[in-house]
1. What's the number of the only condition in (1) at pLDDT 95 or above; (2) assigned to a helix (DSSP H, G or I) that Glu162 fails to meet?
2. Within segment 190-208, count every residue that is touching a Gly at 6+ places or on another chain (Cβ under 9 Å), crowded, with 17+ Cβ neighbours inside 10 Å and not in a loop (DSSP other than H, G, I, E, B).
3. On the basis of being under 38 Å from the mean Cα position of the chain (by Cα) and at pLDDT 95 or above, does Asp110 make the cut?
4. How many residues are assigned to a loop (DSSP other than H, G, I, E, B) and in contact with a Lys or Arg (Cβ under 8 Å, 6 or more places away or on another chain) if we restrict to segment 109-142?
5. Could you tell me whether segment 76-91 includes any residue that is assigned to a loop (DSSP other than H, G, I, E, B), under 43 Å from the mean Cα position of the chain (by Cα), of a type in the set (A, V, I, L, M) and at pLDDT below 80?
6. Please enumerate the residues belonging to segment 93-134 that are crowded, with 18+ Cβ neighbours inside 10 Å and among the polar types (S, T, N, Q).
7. Could you tell me which of the residues Leu15, Leu67, Leu25 is modelled with pLDDT of 75 or more, over 30 Å from Asp129 (Cβ atoms) and open to solvent by 90 Å² or more (accessible area, probe 1.4 Å)?
8. What are the residues in segment 173-189 that are crowded, with 16+ Cβ neighbours inside 10 Å and within 19 Å of Asp92 (Cα to Cα), if any?
Amino acid sequence: MAPKKEPPAPRPRRLRALTEAERTLWQQITQQITPLRPAPAPKPVEPPPAPAKVPEAPIASVGGPMLAPVKPAEPAPVKRKGPPPIKVGKLDNIDRATARRFAKGEREIDGVLDLHGMTQAAAQDRLIDFLLGAWAQGWRCVLVITGKGQEKPDHRPWPEPESRGILRRALPQWVNEPPLRGKILGITSAKPQHGGSGAFYLLIRRDRDETKRGPRP
């Protein structure tokens, strides 16, 4: 008896591609369909964990105490150059006409100060008061009498040894020290009619805020 032949396997159906009109119609239908259950929202993506911070290695300390941070050096203050020192008879900083009249004793004398017979300390205090007052009043030329003193010691008793020519030698130094420094323009020995070598003419610098000249003493 011959075996039964099995029926041949059905051939797969070949799907036909949708036309453009069919595809458009299908999109319109799907847009009108309301889903029974909404699609679940996508889970938020968590950012990756930050990498662990590696501790910095301690700086190896050098033996010895810790030094404080060095501050930048501040610029050194600029020192202002003061007026040149005043010397007896040196009148280079004065114009020629004024210097000539001043050295000859032809300038009008605004005030006279007599230090003859005073001690050195008393004479210096009196000179400072006198010249500062003259400078404030706008005086220009004053006469200061110091006395000639004794160049050589003798056997006569002197109640005040400091008066032996010290005032005459000290006066040029005093006018170059504060508070008189910068107030005097020139100094020169007086003429015989005004005391000769025992007296001095002093030319006073003008004050920028000069007021009216005061009365003469």
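1. Evaluating Glu162 over (1) at pLDDT 95 or above; (2) assigned to a helix (DSSP H, G or I) leaves (1) as the failure.
2. Matching residues across segment 190-208 total 6.
3. no
4. Total meeting the criteria: 6.
5. yes
6. Listed by number, the list holds a single entry, Gln124.
7. Values: Leu15 fails: modelled with pLDDT of 75 or more; Leu67 fails: modelled with pLDDT of 75 or more.
Going through Leu15, Leu67, Leu25 in turn, the sole match is Leu25.
8. Selection gives Val175, Asn176, Lys183, Ile184, Leu185, Gly186, Ile187, Thr188, Ser189.
The values are calculated or read from the model by the stated rules, or taken from the named source; none is laboratory data. Everything numeric here is computed off the predicted structure, so don't read it as measured data. Glycine gets a Cβ as well: all are built from the backbone with ideal geometry, and neighbour counts include every protein chain shown. For accessibility, only protein heavy atoms count, side chains too; no ligands or nucleic acids. Shrake-Rupley method; radii C 1.70, N 1.55, O 1.52, S 1.80 Å.
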